[in-house]
1. Go through region 120-135 residue by residue and tally those that are without any contact (Cβ under 8 Å) to a residue 60 or more places away in the chain and crowded, with 16+ Cβ neighbours inside 10 Å.
2. Scan region 87-109 and report the pairs whose first residue is surrounded by fewer than 14 Cβ atoms within 10 Å (Cβ to Cβ) and whose second residue is not in a helix (DSSP H, G or I), with Cβ atoms within less than 9 Å and a gap of 6+ or a chain change.
3. Please work out which one of (1) free of Cβ contacts under 8 Å to residues at least 40 places away in the same chain; (2) in a helix (DSSP H, G or I); (3) under 27 Å from residue 121 (Cβ atoms) is the condition residue 41 fails and give its number.
4. Condition first: part of a helix (DSSP H, G or I) and either free of Cβ contacts under 8 Å to residues at least 60 places away in the same chain or surrounded by fewer than 10 Cβ atoms within 10 Å (Cβ to Cβ) (or both). Can you find one or more residues in region 1-14 that meet it?
5. Determine whether region 70-81 contains at least one residue that is more than 23 Å from the chain's Cα centre (by Cα), surrounded by 11 or more Cβ atoms within 10 Å (Cβ to Cβ), more than 20 Å from residue 119 (Cβ to Cβ) and without any contact (Cβ under 8 Å) to a residue 12 or more places away in the chain.
6. Filter region 90-120 for residues that are more than 18 Å from the chain's Cα centre (by Cα) and under 14 Å from residue 63 (Cα atoms) and give the result.
């Protein structure tokens, strides 16, 4: 009688079975490596998102602080003061929410806030845009400041009067009330 043992050694297995086992082994190794790489990428992306989230929370908090300062400098009880205060409070709350929630929760919270307070949301978005633009412009200035038109540091410059002799005979325009020494000798 023949013994049909399922645990045959690899020497006795046909070539097709050996190839299948080798392919399965390589496939499992590739899957494990791919899973390891995916886990690494996911972890790094989460770390990067966390850093970006914290930086965004800091920026939003600084904008809220600036709005509070601007509101304090306005006339007490004015509509602008109330609006700035309300936007500052909303931004401060958003900053705290950004720090305490993960990315998926934040997207839902921002969507809910925008639905509940569309005007405050749009006003906040506009102010953040203006602040970001001002920050970008301020960051782009070099240390060698070139004065421009309307620059308060620019001293009042007056045009230098042209030499009157430049106008005679050169096709230039001269006022009829002003006669140069050459014209005076011709008369």
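1. Going residue by residue through region 120-135, those that are without any contact (Cβ under 8 Å) to a residue 60 or more places away in the chain are 120-126, 129-130, 132-135.
Next, from what is left, pick out any that are crowded, with 16+ Cβ neighbours inside 10 Å: 120-121, 123-124.
Summing the residues that are without any contact (Cβ under 8 Å) to a residue 60 or more places away in the chain and crowded, with 16+ Cβ neighbours inside 10 Å in region 120-135 gives 4.
2. As it stands, the answer is 108/101, since those pairs meet every condition given.
3. (3)
4. First, the residues of region 1-14 that are part of a helix (DSSP H, G or I): none.
Scanning region 1-14, I find no residue that is part of a helix (DSSP H, G or I) and either free of Cβ contacts under 8 Å to residues at least 60 places away in the same chain or surrounded by fewer than 10 Cβ atoms within 10 Å (Cβ to Cβ) (or both), so the answer is no.
5. Yes, the conditions are met somewhere in region 70-81.
6. 90, 92, 93, 96
The rows are residues; the columns are (1) at pLDDT 60 or above; (2) out of contact with any helix residue (DSSP H, G or I) (no Cβ under 7 Å at 6 or more places or on another chain).
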| position | (1), (2) |
| --- | --- |
| 79 | yes, yes |
| 82 | yes, yes |
| 94 | yes, no |
| 139 | yes, yes |
| 147 | no, yes |
| 164 | no, yes |
| 176 | no, yes |
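The values are calculated or read from the model by the stated rules, or taken from the named source; none is laboratory data. If you're wondering where the values come from, they're calculated on a predicted model, not measured in any experiment. Virtual Cβ from ideal backbone geometry, glycine too; neighbours counted across all protein chains shown.
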